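See below for the structure under consideration.
None of the figures in this text is laboratory data; all of them are computed from the coordinates on show. Computed from a predicted model, the values in this text were never measured in an experiment. Methodologically, a virtual Cβ is constructed for each residue, glycine included, from the backbone with ideal geometry; neighbour enumeration extends over all protein chains shown.
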Amino acid sequence: MIFVTAGTQLPFDRLIKTIDDIAAEFPNTNFVVQALYSNYKAKNIDVLDFISPADFTKYIDDCDLIISHAGMGTIISALVKKKPIIVMPRLAKYKEHRNEHQLGTAKQMDLLGYVDVAYDEYELVYKFRQMWPNQVVPRNSIGYVASEKIITSLNDFIKY
Amino acid sequence: MLTTKQTLARLVLALSDFLLLNVCLYASYHFATKYGFNFTSHSIYQAILFTWSSWLLSTYIFRLYSGYTIYKVKDIYRATWRAITFHLLAVYFLIGANHAFPANFALTYGVVTGLGFVLSRIMCIAIMPLVKFNFEKREANIMAIASVGGHWIELLRIMPLFKGKNVTFVSNKASLANTVSDYKFHTVPDASRSSVYKLVKCIVSVLGLILFLRPQVIITTGAAPGLLGIFIGKILGIKTIWIDSIANVDKLSLSGLIALWTADKVYTQWEHLASPKVTYSGNIL
């Protein structure tokens with residue numbers, strides 16, 4: 001199963017349209033897609049408006065691959081659960097977000113080797129064809145909690 | 001748990017302040033009668049009632065004698081000047097607007113009390129270094145605020161910080177309570193830059209929560225309710241911490257920049273964004 005999530009703040013039609021096309025190309029693959037409703041009506045997939053935190057965790061646990069916007073919530077969840085993830089940053093120039101921070105996040109996460117990044121629709125299709133279904137491996141993983149360094153610093157600031 | 005030393009320090013501070021308050025009240029009463037004003041016994045009782053009750057209220061709001069505050073002169077200071085300002089304003093409005101009292105009585109009381117407290121806090125600076133507290137035992141009542149989504153997930157990454165502490169989590173989605181089931185949880189309405197009505201609703205509920213829970217530390221990973229928590233916390237003299245999201249790689253977020261001149265400590269999660277005012281100490285990955 002492939003879990004696609006675009007967050008709950010704004011629609012992300014570019015991603016959903018690309019997934020719709022990919023789903024047409026891979027009819028035997030199961031897609032669970034979460035994105036805010038918008039003008040684009042997908043033909044080959046069902047799009048869920050909102051999923052509960054419990055369901056979100058369940059889909060992350062059960063899926064074989066995550067495709068998402070470059071939101072840190074999803075990226076962290078994927079890294080903790082050691083799930084392969086491809087992110088496509090929302091771009092402010094298409095009014096997909098208020099500013100260009102997702103591009104920065106994606107570039108940095110790509111550079112540090114945490115996630116696979118598709119910078120546009122074509123790259124997403126290309127990466128998906130390359131990976132699915134036999135080359136799906138997580139690029140990296142992290143522990144359940146933050147590193148000691150930030151927690152010690154916070155604790156010291158609270159105490160002293 | 002409070003140690004004996006803490007309890008003693010709180011008691012000494014509270015009693016000496018109360019004594020000082022009454023000395024100031026008597027002094028201003030003395031000045032007023034000396035210059036020919038007559039008090040009825042009723043108005044004297046009224047003055048005592050007003051000053052005591054408003055002092056009680058202001059020390060309660062600003063947690064002047066809490067087990068956390070008494071550790072540091074700096075923290076005692078910032079609780080004191082807020083408590084005194086609030087107290088004098090309350091007294092000014094209660095007594096100043098009341099015809100039973102001579103004109104300028106509230107003003108005299110304000111000046112005398114203000115001077116009295118400045119002197120008492122100078123003494124505090126001299127005495128405090130003699131009291132050696134064990135800061136490892138300093139326990140704070142913490143409020144942790146984050147909006148649903150990435151902000152919340154980033155907050156949950158620093159859970160080891162909250163272990164065994166008195167923490168209340170605050171977010172804008174009720175279903176998140178399950179993710180922090182061992183702790184207290186409250187929801188507030190979300191705010192956005194576009195709607196003034198929503199903003200006011202959010203401010204009111206965040207303020208209400210802070211006054212109700214009276215945290216000594218507010219820590220947030222972001223978005224609007226967290227930023228409002230930082231603002232309100234700062235006004236009330238609460239220690240405030242802003243952790244800018246790891247998603248902000250190229251520059252601090254707009255909220256982070258606003259928090260920069262409000263919060264007591266601002267963290268970035270990227271070393272290249274660190275500056276004298278912005279702390280970097282690892283990230284939540």
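What to note about this one:
- Antiparallel bridge percentage (DSSP; both residues within the range B:140-280; nearest 5): 5 percent
- The stretch between B:Leu11 and B:Phe135, if pulled fully straight at 0.36 nm per residue, gains 42.7 nm over its current Cα-Cα span.
- The string of couplings for the range B:37-51 from the Karplus curve (6.51, -1.76, 1.60, θ = phi - 60°) is 8, 10, 9, 7, 5, 4, 5, 5, 4, 4, 4, 4, 4, 4, 5 Hz, one whole number per residue in order, with x for Gly and Pro.
- Rounded to the nearest 20 debye, the dipole size of chain B about its Cα centre is 240 debye, using +1 on the Cβ of Lys and Arg and -1 on the Cβ of Asp and Glu.
- Ranked list, fewest to most other Cβ atoms within 10 Å of each Cβ, for A:Ser147, B:Ser255, B:Ser41, B:Ser175: B:Ser41, B:Ser175, A:Ser147, B:Ser255
- Exposure proxy ranking, count of Cβ atoms within 10 Å, fewest first, for A:Ser77, A:Ser38: A:Ser38, A:Ser77
- Unit charges on C-beta of K, R, D, E only; dipole of chain A, Debye: 300 debye
- In Hz, Karplus ³J(HN,Hα) per residue of the range B:8-21 (6.51, -1.76, 1.60; θ = phi - 60°; x = Gly, Pro): 4, 4, 4, 4, 4, 4, 5, 5, 5, 5, 5, 4, 4, 4
- Under a model in which nothing but the beta-carbon of Lys, Arg (+1) and Asp, Glu (-1) is charged, the protein assembly as shown shows a dipole of about 1520 debye around its Cα centre.
- Peptide B:152-159 is shielded by partner chain Cβ atoms: per residue, an average of 5 of them sit within 10 Å of its Cβ.
- Ascending count of other beta-carbon atoms within 10 Å, so fewest first, for A:Met88, A:Met131: A:Met131, A:Met88
- Label point at A:Thr152 placed 7 Å out along Cα→Cβ; residues across the range B:161-192 whose backbone nitrogen lies under 17 Å: B:161-162
- Within the straight-line cut-off of under 13 Å between alpha carbons, the aspartates and glutamates reachable from B:Lys163 are B:Glu139, B:Asp182, sequence neighbours fewer than 8 places apart in one chain being disregarded.
- Ranked by the mean number of other Cβ atoms within 10 Å of their residues, highest first, the peptides A:6-16, B:96-106, B:163-173 fall in the order A:6-16, B:163-173, B:96-106.
- Entries of A:Lys107/A:Lys127; A:Lys41/A:Lys93; A:Lys95/B:Lys234; A:Lys81/A:Lys149; A:Lys159/B:Lys265; B:Lys74/B:Lys277 with Cα pairs more than 24 Å apart: A:Lys95/B:Lys234
- Comparing Cα centroids, the range B:144-220 and the range B:241-269 end up 17 angstrom apart.
- Applying 1/(1 + (r/R0)^6) with R0 = 25 Å to the Cβ-Cβ distance of A:Lys95 and B:Ser192 gives a FRET efficiency near 0.95.
- Helix B:224-235 axis, angle to chain B major axis (alpha carbon atoms, nearest 10°): 30 degrees
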